[in-house]
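Asks: First the structure, then my questions, so here it is.
No lab work stands behind these numbers, since they all come straight from the coordinates. All of these numbers come straight from a predicted model, not from anything done at the bench. Positions of Cβ are backbone-derived with ideal geometry, glycine not excepted, and every protein chain shown enters the neighbour counts.
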Amino acid sequence: MLKIGITGQAGFIGTHLFNYLGLNPSTVTRIPFKDEFFVNTRHLEDFVSSCDVIVHLAGINRHNEPDYIFQMNILLTQLLISALEKTKSTPHVIFSSSSQEETGTIYGKAKAECRRLFIDWAEKNNSRFTGLVIPNVFGPFGNPFYNSVIATFSYQLTHDQTPHIDIDKKVNLIYVSNLVKKITEVIETRFYAGYVKVNHDIEKNVSEILEILLNYKELYYKKQIFPSLNDPFEVGLFNTFRSYIDPKTYFPARLVKNEDNRGMFVETIKLHQGGQVSFSTTKPGITRGNHFHTRKIERFAVLKGNAKIRLRRIGTDEVLDFFLSGSEPSYVDMPVWYTHNIQNIGDNELYTLFWINEFYDPGDTDTWFENV
């Protein structure tokens, strides 16, 4: 059982890595980390001495004072190294540096110096170190106005704000799930090197990104139409965009009910691409689901009966309850990394329609079971 700790566990990349490692509890033990460990010597020493692998993600990349950015990143690295040396711990340390090393920003210079300090520590203590130089990272739940321009634009477009482009330039991008898989690969293969340049997924102009996100807002957010999702980048960008839609205020989203003497007709899903539509019947009192997806896009629409849909984001305690009825057609979309279920709370059989953006693959289900 490999014991892995993540500094910056509560941050954007740290949260995704922590959750991803939790998908394999039979092979990995996650050692909890809190930011306050850096100001508590005993807690920090206990942490480093408990780990076989430490992924050092904690850092500061924005502040009004450039010197503060440099000094704090160096300080966090020095505190971690000091705890390692004090306890004579020699875990495999994996460090997230930045492609800003190549641009000469204060943040980039700090990251380069931190990487050098870790290389010196590893050589002196006969330990393994891997320095990952990472491009711009985007994905669900990043902090707007901090983690990425995609996080900022997505937040603004879903919160009645107008995005502005300060400088339109090309940016190299990697989706957070792909970065997490790269880090996991480094852990599993025990690969080490002082400098490893992580390849980006795609290169886009900032204006191109905004144009795509504006299309998502017009189609999905306003008109309830799924956009065309032609490649993994677009799927990742769409999942990022919709992670900034507040489920508590957006869902259940009402559908238009058309009735005449023949009965009722409801357009459940409008899409610019394929996928899979299915339906189920559920007996009274029965609950289906209790699982989550890391990439799949899924919609539940109740056609007949009464249902309660429950959502809980992995790693959190807040449970969201939505009550849907076939008499008032509506739907709930399942965000990635939210475990979910649906329960028949009525006295009669429940009819539910499901849509998912990809066909079911028994070899790659992207279905992870966890009770809401």
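Asks: Under a straight-distance cross-link criterion of Cα-Cα below 15 Å, which aspartates and glutamates are reachable from Lys86, leaving out those fewer than 8 residues away in the same chain?
Replies: Candidates past the 8-residue exclusion: Glu45, Asp46.
Asks: Right, something else. Could you give me the ³J(HN,Hα) list for region 42-48, computed from phi with Karplus coefficients 6.51, -1.76, 1.60 and θ = phi - 60°, whole Hz, x at Gly and Pro?
Replies: Values per residue, Gly and Pro as x: 5, 5, 5, 5, 4, 5, 5 Hz.
Asks: Do any trypsin sites (Lys or Arg not before Pro) in region 26-106 lie in a loop, going by DSSP, with at most 15 other beta-carbon atoms within 10 Å of their beta carbon, and if so which?
Replies: Answer in residue order: Lys34, Arg62, Lys88.
Asks: Less than 12 Å apart at the alpha-carbon level, and either on another chain or at least 8 residues along: which aspartates and glutamates does that give for Lys111?
Replies: Straight-line reach from Lys111, under 12 Å: Glu101, Glu102.
Asks: With the calculation restricted to Cα positions, what are the radius of gyration and Dmax of region 152-304 in angstrom?
Replies: When restricted to the Cα atoms of region 152-304, Rg and Dmax are 19.9, 73 Å.
Asks: In Å, what is the Rg of the alpha-carbon atoms in region 83-172, and how long is Dmax?
Replies: Rg, Dmax (Cα atoms, Å): 17.7, 54.
Asks: Here's another thing I want to ask about it. Hey, what's the Cα Rg ratio for region 246-369 versus the globular rule of thumb, 2.2 N^0.38 Å?
Replies: Normalised by 2.2 N^0.38 Å, the Cα Rg of region 246-369 equals 1.06.
Asks: With each label point set 7 Å from Cα along the Cα-Cβ vector, what nm distance links Ile119 and Asn371?
Replies: In this crude label model, Ile119 to Asn371 measures out at 5.1 nm.
Asks: Calculate the radius of gyration of the Cα atoms of region 31-137 to one decimal place, then report Dmax, the largest Cα-Cα distance, as a whole number, both in Å.
Replies: 13.4, 38
Asks: Could you go through region 313-322 in sequence order and give the Karplus-derived ³J(HN,Hα) for each residue, using 6.51 cos²θ - 1.76 cosθ + 1.60 with θ = phi - 60°, rounded to whole Hz, and x for Gly and Pro?
Replies: 5, 4, x, 10, 9, 6, 9, 9, 10, 10
Asks: Quote the relative contact order of region 246-369 in percent (integer), defining contacts as alpha-carbon pairs under 8 Å separated by 6+ residues.
Replies: On the way: 276 pairs, mean separation 46.9, N = 124.
With pairs under 8 Å counted, the relative contact order is 38 percent.
Asks: Sort all Cα-Cα distances of the chain into consecutive 20 angstrom bins from zero, then give the percent of pairs in each bin up to the one containing the longest distance.
Replies: 26, 51, 21, 2, 0
Asks: Report, in listed order, any pair from Lys270/Lys308; Lys222/Lys304; Lys3/Lys181 with a Cα-Cα distance greater than 19 Å.
Replies: Lys270/Lys308; Lys222/Lys304
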